[in-house]
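A short write-up of the structure that comes next.
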Amino acid sequence: MSMNAPAKREFSILANTMKPSAIRLLLKVANQPDMISFGGGLPNPESFPLDDVRKIFDEQLAKNGKKMLQYGATEGLESLNVALSKRLKDKEGIKSEPTEIIQTTGSQEALYMIGKIFANPGEYVITEAPTYVGTISALKGNGIRMIGVDMDHYGMRMDALRETLKDRPNPKFIYVIPNFQNPSGITMSLERRKELLEIANERGITIIEDDPYGALRFAGPHVPTLKSMDNDVVYLGTFSKVLSPGIRLGYVVAPHDVIEKLNVAKQALDLASSSVSEYIAEAYISGGYMEKQIPKIIDLYREKRDLMIESFGNYFPEDVEFTRPNGGMFLWVTRRGANTDSLFEEAVRQKVLYVVGSAFYPDGDNHESMRLNFTYSSNENIVEGVKRLGKLFETTGK
Ligand SMILES: Cc1ncc(COP(=O)(O)O)c(C=O)c1O
């Protein structure tokens, strides 16, 4: 430290309350040799369309190079928003104008900005319990309180939501991940979706629908998005799971008043998303690459999900419960009476990683569950990792 640095540097209250995400910390241990990681929510690198991206990149650089390497508009590349608007209509029945879309630096930036534009520090919002750990960080980083509403196998419980809303002022929004939820893998039923919209409309509450996994359905019938049923919903999508997280591109589809506020917030955060990524994403959709790639990703992940569930049957004690997701990237494993936080150190020693269930609760109050990612590991490692976890369950008891 230099001579004139303060003896103890002072940071803001917000900076002092922020904690590094459990998953970011875990990625460090994940690099140890022989470690099998079911921890991070990483797509399998086999799912990346390397040859397509190389071809698109060369073509776009030749055709649009000078614009591609320049700053872009804050709302994103117009032709990309046009292509997305068309795709969302064709695939999801979402009717949006291209001007109702803004590109973001991954959905993570969208989540942070949504916290910023809808809620003041100290105000509260509702999430599913459990919910995505990155949303907890983004909202906590804005000083926003979260109240989690319990889920069952059909998604957020509407009786519990009504109970939570009783005698309280309206939350600033209700945040849900209806398809193959992170972390639980659960898909919200159509009946629940309709009821959620009814409650939101009755009370005038904004719904935030985060849908990074919707295109990755391996089984079961498609369930309409909330956004397709109610155009007032704020819908978040991302290229992370259908192209690559490395291109850091997501988008928000929302009414114009919301887009305007997001646009101003984004100007302060990063001016615009990466033009390089936007040109690639546009060609990925318009050139038909995306529709070719998604079925390949689905086949790869379905096989891995099946193998993990089969391995649970072979290596887990009988009292371990787990979800059977119809898509996405995660399984939620629960053993009544277990403490997955205290089990974690031993798991690291046994060279297998998971994310502790408590990370997915704003108040950290569930210790019986763990999230397992089934997409990243090789098939061999899925079997071996589940075997190690099974042994851990057997030997440590509860
Ligand atoms: C539910 C959910 N929302 C948002 C994100 C953020 O995705 P990205 O910033 O890569 O678009 C993730 C990533 O895993 C997620 O699971």
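The values are calculated or read from the model by the stated rules, or taken from the named source; none is laboratory data. This one's a predicted model, so the numbers in the text were calculated from it and none came from an experiment. Neighbour counts run over all protein chains shown; Cβ positions are idealised from the backbone, glycine included.
Descriptive notes on the structure:
- Test: residue in region 210-219 that is surrounded by fewer than 16 Cβ atoms within 10 Å (Cβ to Cβ) and among the hydrophobic types (A, V, I, L, M, F, W, C): yes
- Qualifying residue in region 176-183 (condition: under 15 Å from residue 202 (Cβ atoms) and assigned by TED's automatic domain parsing to the domain that holds residue 212): no
- Scanning region 220-241 for residues that are of a type outside the set (Val, Ile, Thr) and either free of Cβ contacts under 8 Å to residues at least 60 places away in the same chain or not assigned by TED's automatic domain parsing to the domain that holds residue 89 (or both) returns 221, 222, 226, 229, 230, 232, 239.
- Filter result (part of a strand (DSSP E or B) and either near the ligand (Cβ under 7 Å from one of its atoms) or surrounded by fewer than 24 Cβ atoms within 10 Å (Cβ to Cβ) (or both)) within region 237-248: 238
- Taking every residue in region 130-152 that is in the same structural domain as residue 116 (by TED's automatic domain parsing) and β-branched (Val, Ile, Thr) and pairing it with any residue that is in a loop (DSSP other than H, G, I, E, B) and within 16 Å of the ligand (Cβ to nearest atom), at least 6 positions away or on another chain, the pairs with Cβ-Cβ distances below 6 Å are 133/21; 136/362.
- Subset of region 83-116 (residues that are within 14 Å of the ligand (Cβ to nearest atom) and either acidic (Asp, Glu) or part of a strand (DSSP E or B) (or both)): 102, 103, 104, 109
- When region 200-222 is filtered for residues that are more than 10 Å from the ligand (Cβ to nearest atom), over 17 Å from residue 297 (Cβ atoms) and under 18 Å from the mean Cα position of the chain (by Cα), the ones remaining, listed by number, are 207, 208, 209.
- If you go through region 369-398 and keep only what is surrounded by fewer than 17 Cβ atoms within 10 Å (Cβ to Cβ) and in a loop (DSSP other than H, G, I, E, B), you end up with 378, 397, 398.
- Subset of region 300-321 (residues that are part of a helix (DSSP H, G or I) and loosely packed, with under 12 Cβ neighbours inside 10 Å): 313, 314
- Within region 160-186, the residues that satisfy the criterion of being under 20 Å from residue 234 (Cβ atoms) and within 16 Å of the ligand (Cβ to nearest atom) are 173, 174, 175, 176, 177, 178, 179, 180, 181, 182.
- Every condition in (1) within 14 Å of the ligand (Cβ to nearest atom); (2) not in a loop (DSSP other than H, G, I, E, B) holds for residue 131 except the one numbered (2).
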